[in-house]
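The structure appears right after this line, and notes come after that.
The values are calculated or read from the model by the stated rules, or taken from the named source; none is laboratory data. Keep in mind the model is a prediction, meaning the values are calculated, not measured. Here Cβ is always computed from backbone atoms with ideal geometry, including for glycine, and neighbour counts include all displayed protein chains.
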Amino acid sequence: MKTELSLNENYIKRFITASLAALIFVAFFSRMVMADTGPKRSIEIKIINPPAEPYYVALVMPTEHVANINDTNRYDHIPEDHDWVREIFYEYNEDGFRLFTYAGGTNSIKYSGEHIDFYKGENIVRYGYMVPSTFKVMIVNESGEVTVSNEVTAKIFHSRCEYDYSTNTLKEVYVPSFGSDFFIETVLYLAITLVVEGIILLCFGLFRKKNLKYFLIVNITTQFLLFIYNFLSRLFIVVLKNHFALWLVMEVVILVIETIWYSNKLVKKQGDVSKVRNIIYAITANLVSAFFDVPVLMFMGIMRNR
């Protein structure tokens, strides 16, 4: 006697087809994953009322690490005849704050002259790799005057700050955007989910008029939950290691909801329900569509910080 757990040849072919479709989607739309792959926190600082003369700016952070002034891998635009400026930055040590250095010995010193290191030729400096969460801004002008700001701890993943040189005040001023990029992000998530999971629904032999109703109901519902999460994350998600853990929890919640819903709703050609097939479909469809979150997140991150 055939049981619900029995898999006939036709079912096996469909499962293999769906698996191949998943591999094609992943291979085409995702990139090789390496240890250093993934979103990177960043700091953008706009300098208001800057010094009238050219100046050097850097971040200092709480650390015991001493930057090596003779490191041949360092990267800065301090001329050789201005070594005294470099010494000020490298020897700075106040309240445990020292020069912020990247991996590999490079450092955060940027020069305003001809806006070599400044973003879009304006009084804006950007740091985008292994940035500290707590930092101060340090400025040395060509007359030798040294100014160090107050301490700030970033609350936003892509932190935007303003430093008023005239008052020596540093503050985080990030304002979350809910403009066209947020609308595009919402539409992209829904469209990609419907297309990807719809194709896999077809591969599993479950593309039926009755099933489409259940398919649309649950996907619109779960995408609304994701919309709420994205909206709240722009307001409240701070720079913590659980930023991506929260995203993962959201994906798991959606997976559970859709698996429970599909298990008893989707019908085969004969009109009967196969819980095993439905559960496998729900898991496969959600895993594949989840892969698309990565390129979408990266694309939207570029749009928000362009």
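Results, tabulated for the structure shown:
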| read-out | value |
| --- | --- |
| Residue within the range 85-92 that is closer than 20 Å to A67 by Cβ, at pLDDT 85 or above and touching an Asp or Glu at 6+ places or on another chain (Cβ under 9 Å) present | yes |
| Pairs with Cβ under 8 Å, 6+ apart, first in the range 272-291 and within 15 Å of N211 (Cβ to Cβ), second among the polar types (S, T, N, Q) and outside any helix (DSSP H, G or I) | V273/N264; K275/N264; N278/N264 |
| Output for the range 264-276, where each listed residue is closer than 23 Å to V195 by Cβ and in contact with a helix residue (DSSP H, G or I) (Cβ under 7 Å, 6 or more places away or on another chain) | K265, L266, V267 |
| Every pair of residues 6+ apart whose Cβ atoms lie under 9 Å, when the first sits in the range 76-98 and is surrounded by 13 or more Cβ atoms within 10 Å (Cβ to Cβ) while the second is of a type in the set (S, T, Y) and assigned to a helix (DSSP H, G or I) | R98/Y90 |
| Residues that are in contact with a Pro (Cβ under 9 Å, 6 or more places away or on another chain), outside any strand (DSSP E or B) and surrounded by 12 or more Cβ atoms within 10 Å (Cβ to Cβ), drawn from the range 142-171 | E142, E151, A154, I156, F157, Y165 |
